[in-house]
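The values are calculated or read from the model by the stated rules, or taken from the named source; none is laboratory data. This structure is a prediction, so every number in the text was calculated from the model and none was measured. Heads up, the Cβs are rebuilt from the backbone with ideal geometry, glycines too, and the neighbour counts pull from every protein chain shown. Protein only, heavy atoms only, side chains kept; ligands, DNA and RNA dropped before computing areas. Shrake-Rupley method; radii C 1.70, N 1.55, O 1.52, S 1.80 Å.
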Amino acid sequence: MGNYFGTDGVRGVANTELTPELAFKLGRMGGYVLTKDTEKPRVVIGRDTRISGEMLESALVAGLLSIGAEVMRLGVISTPGVAFITKALSANAGVMISASHNPVPDNGIKFFGPDGFKLLDNQEAEIERLLDSEDELPRPTGGALGVITDYFEGGQKYLQYLKQTVQEDFSGIHIALDCAHGAASSLAPHLFADLEADISTMGTSPNGININEHCGSTHPDALSAFVLEKGAQIGLAFDGDADRLIAVDENGEVVDGDKIMFICAKYMKEQGWLKHNTVVSTVMSNLGFYKGLEELGIEAKQTSVGDRYVMEEMRKGGYNIGGEQSGHIIFLDHITTGDGLLSALQLVNIMKATNMPLSKLASVMETFPQKLVNVRVTDKNAVTENAKVSAVIGEVEAQMAGEGRVLVRPSGTEPLVRVMIEAKTKELCDQYVDQIVEVVKAEMGLDE
C-alpha cells in the first residue's frame, strides 16, 4: 500500500507528485470513507492562495461530486477556518488545500471529520487502501450526482466566532501584521480592525506565486524590521494557511511558539483556566520552556513533532493548551486545530489585560541557545538507523555532559533531516550542529 499521508495530509509538488488525477481520487476515496453512511453528504472545501489551488480544487470537487456529495466551496480561507466551518455547519467532512509554510510549488490536501478534527490513523489507512485498489465505489447518475454551492461568507462567520474568544477590545494597540501573502491576507486585517486596533500590514497582496516568499512565520526578520519601521507594539506573522503564529515584540525581537505558549499558559493559570495545570508540547520545545513551566508549578507533557500528536495527547488527557515551537498552538476550548489568528488574539488580549508590553511578558521565560539546521537528503527515514549518525550523536552528547540536548529526526512533510542542538552557548550550538550535519551529509545528503 502506498504511503500517501504524512503528518499533515497528502503533500507534494503540485502537478507532478500531487497531480489532479490524485486529487480526483482523493476526493472520491476520501469522500467515500468519511461520508459512506450518509445520503447526500455535505463536504466543505477551502484553499490558500497558491496558484495550484484552483487546479487541485477542481479535481477534488469532481471526485466528491462523483460519489454524490454536496460540495460547499469556501474559497480562500485558513485551515482552522475550514475546521470551524465544517463543525459549525454540521458538514460530514472538510477539506483544506494547502502546503502551509512550504514554498509555492508544493501543495497539500488534508481532511477533517464532522467534529472538525483531523483524521484518525485508521481513516487515513482506509483511504490509502482504496487509492491503491481497483475503483469499485458507487457511481450515482442523474439526480443522485453531487452539486456545488459557494459559501464565501464562511470566512466572516469564522471571524465573528474568533472575536468572541477575547474579553478586551484592542484600542490603543498598534499591531503590525505579516500575512505571508496567504490565507490570512483577507482575514487578519479585518479581524484586528474590527477589534479597534491600529494596524499596519505587509504580505497582504497574494498573486498566486508569492505565498511565504521572504515573509510570514518562517521569515520573521522581515516583520521585525517592519515593526521597528512602523513603531508597532507587536508584530504577528502567519504562515500560508494561517495555522501558525510567530510574534515580534516592540523591540523587534522574535517571540516564538514556545514563548507564546508560555505567556498564554501562565495567564491561563492565573485566571484559573488551565485545565489539569498542564501544557502539551513537542520534543522541539526549548529547555528553557520546561524550566520556566516548572518554576510556575505547571506540568508539561511532551510528544513527537507534529501538531496531530499534540492534539492526540490533549484530547486523551483533557488539556486545553498545547503546541509547537514553530507556532502551531492549539486552544482546545475554542477550536479543534492549531490556529494562528486565534493565538494572536489570545496574545494581544493578554497584553491589553495586563497592560504589559510583549517584551516584558516574554522575558519571564529564559531561552537556551538553540540551532536548527535542515539537511536535504536522499532517504530521510534512514537517519534513525544509520550507525555513523548515531555515533556522532553519542559523541556530542558526551561532550555536553548533561548541559544541553540533541535532536536529530526526519521531517514529517519534506525530504529533510532536522538537526537541532541546545547548549550553554551559541558557540557550542554551532560546533555541535556542524559535527552532526557533516556526518548526515556524508552519509545520505544530496549533492549541492
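Laid out as a table, the results:
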| read-out | value |
| --- | --- |
| Glu299 vs. criteria open to solvent by 50 Å² or more (accessible area, probe 1.4 Å), touching a residue at least 40 places away in the same chain (Cβ under 8 Å) and of a type in the set (Asp, Glu) | no |
| Thr19 surrounded by fewer than 20 Cβ atoms within 10 Å (Cβ to Cβ) and in contact with a strand residue (DSSP E or B) (Cβ under 9 Å, 6 or more places away or on another chain) | yes |
| Criterion violated by Val433 - all others in (1) open to solvent by 30 Å² or more (accessible area, probe 1.4 Å); (2) in contact with a Lys or Arg (Cβ under 7 Å, 6 or more places away or on another chain); (3) not in a strand (DSSP E or B) satisfied | (1) |
| Unmet requirement for Asn374, which otherwise passes all of (1) touching a residue at least 24 places away in the same chain (Cβ under 8 Å); (2) open to solvent by less than 70 Å² (accessible area, probe 1.4 Å); (3) outside any helix (DSSP H, G or I) | (2) |
| The lone exception for Thr38 - which of (1) modelled with pLDDT of 95 or more; (2) not in a helix (DSSP H, G or I) it fails | (1) |
| Contacts under 6 angstrom Cβ, first residue in the range 245-268 being closer than 17 Å to Gly216 by Cβ, partner small (Gly, Ala, Ser) and part of a helix (DSSP H, G or I), 6 or more apart | Leu245/Gly340; Leu245/Ser343; Leu245/Ala344; Val248/Ser224; Gly252/Ser224; Val255/Ala362 |
| Flag for Asp430 being in contact with a helix residue (DSSP H, G or I) (Cβ under 7 Å, 6 or more places away or on another chain) and not hydrophobic (A, V, I, L, M, F, W, C) | no |
| Selection count where residues are within 17 Å of Asn210 (Cα to Cα) and part of a loop (DSSP other than H, G, I, E, B), scope the range 85-108 | 8 |
| Subset of the range 141-165 [assigned to a helix (DSSP H, G or I) and within 21 Å of Leu60 (Cα to Cα)] | Gly142, Gly143, Ala144, Gly154, Gly155 |
| Condition met for Ala184 (at pLDDT 95 or above, within 30 Å of Ser52 (Cβ to Cβ), in contact with an Asp or Glu (Cβ under 8 Å, 6 or more places away or on another chain) and not in a loop (DSSP other than H, G, I, E, B)) | no |
| Yes/no for Ser224 being touching a Gly at 6+ places or on another chain (Cβ under 7 Å), surrounded by fewer than 21 Cβ atoms within 10 Å (Cβ to Cβ) and within 21 Å of Asn251 (Cβ to Cβ) | yes |
| Ser90 being modelled with pLDDT of 95 or more, open to solvent by 20 Å² or more (accessible area, probe 1.4 Å) and more than 18 Å from the chain's Cα centre (by Cα) | yes |
| Extreme residue, least open to solvent (accessible area, probe 1.4 Å), among residues of the range 388-423 that are within 16 Å of Gln435 (Cβ to Cβ) and of a type in the set (Gly, Ala, Ser) | Ala423 |
| Qualifying strands (runs of 3 or more DSSP E) (wholly inside the range 283-344; at least 2 residues being among the aliphatic types (A, V, I, L, M) and in contact with a Gly (Cβ under 8 Å, 6 or more places away or on another chain)) | 329-331 |
| Among residues of the range 275-296, those that are more than 26 Å from Thr7 (Cα to Cα) and either under 22 Å from the mean Cα position of the chain (by Cα) or buried (at least 22 other Cβ atoms within 10 Å of the Cβ) (or both), counted | 1 |
| Single condition Ile246 does not satisfy, out of (1) aliphatic (A, V, I, L, M); (2) surrounded by 16 or more Cβ atoms within 10 Å (Cβ to Cβ); (3) in a loop (DSSP other than H, G, I, E, B) | (3) |
| Cβ pairs under 6 Å, 6+ apart, first in the range 179-196 and within 17 Å of Tyr158 (Cα to Cα), second among the acidic types (Asp, Glu) and assigned to a loop (DSSP other than H, G, I, E, B) | Gly182/Asp48; Ala183/Asp48; Ala183/Asp241; Leu195/Asp169 |
| Which numbered condition Val82 fails, given (1) assigned to a helix (DSSP H, G or I); (2) in contact (Cβ under 8 Å) with a residue 40 or more places away in the chain; (3) open to solvent by less than 30 Å² (accessible area, probe 1.4 Å); (4) not polar (S, T, N, Q) | (2) |
| Selection within the range 126-137 - in contact (Cβ under 8 Å) with a residue 24 or more places away in the chain and either outside any loop (DSSP other than H, G, I, E, B) or open to solvent by 70 Å² or more (accessible area, probe 1.4 Å) (or both) | Glu126, Ile127, Glu128, Arg129, Leu130, Leu131, Asp132 |
| The range 351-371, subset free of Cβ contacts under 8 Å to residues at least 40 places away in the same chain and of a type outside the set (A, V, I, L, M), residue surrounded by the fewest Cβ atoms within 10 Å (Cβ to Cβ) | Asn355 |
| Criterion (surrounded by fewer than 24 Cβ atoms within 10 Å (Cβ to Cβ), part of a helix (DSSP H, G or I) and not hydrophobic (A, V, I, L, M, F, W, C)) met by exactly one of Pro189, Pro206 | Pro189 |
